[in-house]
Amino acid sequence: MKYAILGDIHANFEALQAVLADARKNGVTHYVSLGDIVGYNASPVECLETVRELNCPVVRGNHDHYCAGDDKLEGFHPVAADVVDWTRRQLSREQRDFLGSLKYVTRVETFTIVHSTLDTPEMWGYVLDKLEADASFAYQSTSLCFYGHTHVPLAFEKTDRVRSGFYSKVKITLGRKYFINVGSVGQPRDGDPRAAYVTFDLINNLVELHRVPYDFRITQKKIRDAGLPDRVASRLAVGR
Ligand code: ZN
């Protein structure tokens, strides 16, 4: 049994298709989504419907949350707020209700999934350092938890203390805890423009990071044709 863990797809249909093709090639049998299916890029409907067809566990991201609701977008970055407004108009009431029905935290088999942090998932905090990871570890009841939100693949391991680092593979050892960021399918921010996702092989207890090239020029054209902010399109070429 092998899971693909899909983080921060952000309405990038070209990246999502490339990742799903790569996952099939890698023998993936099951999927989960860490939320932020929509927001930023120009294909929210296609991405949402593709994820729903996977019929897989999904947790709520901050963009899903705001696109589902009608709240005023105070405290949002103006570029992100523009896109949330646009995305709300693309989605049907039923699609927005689906996003609004998502849970913040879900357990799948032997692991947990969350978009931001386990300590206060509805506050949308970013886990980038050991102190933030340790706060989340206090609420983690499974050995392994996957998260997203920062768009930067990073692994934390807790034994008597917390260690962190970039990774390509992590072997899960019994008795330790792991909090692993899977990177972003649709808007990587670690300087590598390729789509990122993770596979988790439950038989061998092995987590692997994958990077998949895709034609982001098609995605950029869709963003510009939709009249969305140019910064959203240009960042895809540099992975920032
Ligand atoms: Zn995101």
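For the reader, a short list of remarks on this structure follows.
- Selection from segment 20-37 of residues that are of a type in the set (D, E, K, R) and either surrounded by fewer than 24 Cβ atoms within 10 Å (Cβ to Cβ) or at negative phi (or both): 22, 24, 25
- Test: residue in segment 38-48 that is surrounded by fewer than 24 Cβ atoms within 10 Å (Cβ to Cβ) and either β-branched (Val, Ile, Thr) or over 24 Å from residue 235 (Cα atoms) (or both): yes
- Scanning segment 138-169 for residues that are under 15 Å from residue 198 (Cβ atoms) and either within 16 Å of the ligand (Cβ to nearest atom) or of a type in the set (Lys, Arg) (or both) turns up 146, 147, 148, 149, 150, 151, 152, 153, 154, 169.
- Among the residues making up segment 20-67, those that are within 15 Å of the ligand (Cβ to nearest atom) and either assigned to a helix (DSSP H, G or I) or under 13 Å from residue 95 (Cα atoms) (or both) are 37, 38, 44, 47, 48, 51, 62, 63, 64, 65, 66, 67.
- Just one of the numbered conditions (1) at pLDDT 95 or above; (2) farther than 23 Å from residue 189 by Cα is not true of residue 117: (2).
- Condition met for residue 112 (among the polar types (S, T, N, Q), under 27 Å from residue 194 (Cβ atoms) and part of a strand (DSSP E or B)): yes
- Of all residue pairs spaced 6 or more apart or on separate chains, those with beta-carbon atoms under 9 Å, a first member in segment 85-98 that is within 11 Å of residue 44 (Cβ to Cβ) and modelled with pLDDT of 95 or more and a second member that is of a type in the set (Ser, Thr, Tyr) and part of a helix (DSSP H, G or I) are 87/66; 88/66.
- Count of residues meeting criterion [part of a loop (DSSP other than H, G, I, E, B) and either away from the ligand (no atom under 16 Å from the Cβ) or surrounded by fewer than 24 Cβ atoms within 10 Å (Cβ to Cβ) (or both)] in segment 1-19: 1
- The number of residues in segment 105-120 that are out of contact with any helix residue (DSSP H, G or I) (no Cβ under 8 Å at 6 or more places or on another chain) and free of Cβ contacts under 8 Å to residues at least 24 places away in the same chain comes to 1.
- Scanning segment 35-63 for residues that are aliphatic (A, V, I, L, M) and under 22 Å from residue 81 (Cβ atoms) yields 37, 38, 42, 45, 48.
- Flag if residue 232 is within 16 Å of the ligand (Cβ to nearest atom), closer than 20 Å to residue 27 by Cα and crowded, with 18+ Cβ neighbours inside 10 Å: no
- Taken together, 213, 121 contain a single residue that is under 19 Å from the mean Cα position of the chain (by Cα), within 16 Å of the ligand (Cβ to nearest atom) and within 24 Å of residue 51 (Cα to Cα), which is 121.
- Odd one out for residue 79, checked against (1) touching a strand residue (DSSP E or B) at 6+ places or on another chain (Cβ under 7 Å); (2) in a helix (DSSP H, G or I); (3) over 16 Å from residue 95 (Cα atoms); (4) within 15 Å of the ligand (Cβ to nearest atom): (1)
- Count of segment 100-129 residues which are in contact with a Phe, Trp or Tyr (Cβ under 8 Å, 6 or more places away or on another chain) and surrounded by 15 or more Cβ atoms within 10 Å (Cβ to Cβ): 12
The values are calculated or read from the model by the stated rules, or taken from the named source; none is laboratory data. Predicted, not measured: the structure shown is a model, and the values here were computed from it. Here the Cβ is made from the backbone with ideal geometry for all residues, glycine too, and neighbour counts use every protein chain on show.
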